[in-house]
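J.: Would you mind keeping the following structure in view while I ask a few things?
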Amino acid sequence: MPKTKIIIIDDHQLFREGVKRILDFEDSFEVVAEGDDGIEVVGLYEQYQPDVMLMDINMPRMNGVEATEALLNEYPDAKVIILSIHDDGSYVTHALKTGALGYMLKEMDAGEIVEAIKVVSAGGSYLHPKVTHNLVEEFRRLSEREHKGAFQQNDIRRPYHLLTKRESEVLQLLTDGQSNRTIGETLFISEKTVKNHVSSILQKMGVNDRTQAVVTAIKNGWVEVK
């Protein structure tokens, strides 16, 4: 199997080296290049044709969002994951509107960054669990504005017609912004079992990734927005 080629763009060398060490433990990954400013992105992509670009959002001459926009103007199929210290909804929304397929906080653990790369390289999108929670909050604000009143869910219709009871519990915890590890601790099951449940949920719901699953569940009233 060919390896997933990755480029890391971040102006903090120690952080960049730390991420590279994490990725080097994955036999299916290969870090083919590194850079420290968004202005290098298009040139590095042209030279190495990576499967995934990991891009810091804050850089000196061209930030990650601007670099993503410039890259996608030249290479629309490029896959970018933004790395950031900001979990504010405005940063996330801006990055996703530009065309990034992932948004990870720098407080991520090793398993989360590995999972994000695998999902994005396969054509999906991936958000840090805390970011997913903030997008749910944004959904609430938009709903309140649309209905000119408090956002209420008086009737939660768990999707037992589609998912098992355990899968419905996992879906609720995904909506709450919990990571696979935290879900496992909450439900007293292994992280591997959580991943299996998530895969089953995505397949049954006909969606590509966790974010789409959460949005679909909220729209259908299958989960409680806390």
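J.: Taking the criterion of being in a helix (DSSP H, G or I), touching a Gly at 6+ places or on another chain (Cβ under 9 Å) and either under 30 Å from T182 (Cβ atoms) or aromatic (F, W, Y) (or both), would at least one residue in region 45-53 satisfy it?
T.: Looking through region 45-53, none of the residues is in a helix (DSSP H, G or I), touching a Gly at 6+ places or on another chain (Cβ under 9 Å) and either under 30 Å from T182 (Cβ atoms) or aromatic (F, W, Y) (or both).
J.: Just the residues that are outside any helix (DSSP H, G or I) and surrounded by 19 or more Cβ atoms within 10 Å (Cβ to Cβ), please, taken from region 197-220.
T.: D209, the sole residue that qualifies.
J.: Scanning region 153-183 for residues that are basic (K, R) and at pLDDT 90 or above, which turns out surrounded by the fewest Cβ atoms within 10 Å (Cβ to Cβ)?
T.: K165
J.: Additional query: Taking the criterion of being outside the structural domain of L174 (by the TED database), in a strand (DSSP E or B) and hydrophobic (A, V, I, L, M, F, W, C), would at least one residue in region 59-79 satisfy it?
T.: No - not one qualifying residue is present in region 59-79.
J.: Let me ask something else. Please verify whether E144 is of a type outside the set (A, V, I, L, M), exposed (fewer than 15 other Cβ atoms within 10 Å of the Cβ) and modelled with pLDDT of 85 or more, treating the condition exactly as stated.
T.: So E144 does not fit the description; no.
J.: Please specify each residue of region 184-196 satisfying the condition of being under 18 Å from the mean Cα position of the chain (by Cα) and open to solvent by less than 70 Å² (accessible area, probe 1.4 Å).
T.: The answer is V194, and nothing else.
J.: Same structure, new question: Answer yes or no as to whether I82 is within 12 Å of the chain's Cα centre (by Cα), open to solvent by less than 50 Å² (accessible area, probe 1.4 Å), under 16 Å from D11 (Cβ atoms) and at pLDDT 90 or above.
T.: The answer is yes for I82.
J.: Pairs needed: first member in region 62-75, free of Cβ contacts under 8 Å to residues at least 24 places away in the same chain and open to solvent by 10 Å² or more (accessible area, probe 1.4 Å); second member anywhere, not in a loop (DSSP other than H, G, I, E, B) and not aliphatic (A, V, I, L, M); C-beta distance under 8 Å; at least 6 residues apart or different chains.
T.: Qualifying pairs under 8 Å: none.
J.: Taking V114 as the residue in question, decide whether it is at pLDDT 85 or above, closer than 16 Å to R210 by Cα and out of contact with any helix residue (DSSP H, G or I) (no Cβ under 8 Å at 6 or more places or on another chain).
T.: For V114, the condition - at pLDDT 85 or above, closer than 16 Å to R210 by Cα and out of contact with any helix residue (DSSP H, G or I) (no Cβ under 8 Å at 6 or more places or on another chain) - is not met.
The values are calculated or read from the model by the stated rules, or taken from the named source; none is laboratory data. None of these values were measured; they are calculated from a predicted model. Every residue, glycine among them, receives a Cβ derived from its backbone with ideal geometry; neighbour counts consider all protein chains shown. We work out accessible area using only protein heavy atoms, side chains counted, and drop any ligands, DNA or RNA first. Shrake-Rupley method; radii C 1.70, N 1.55, O 1.52, S 1.80 Å.
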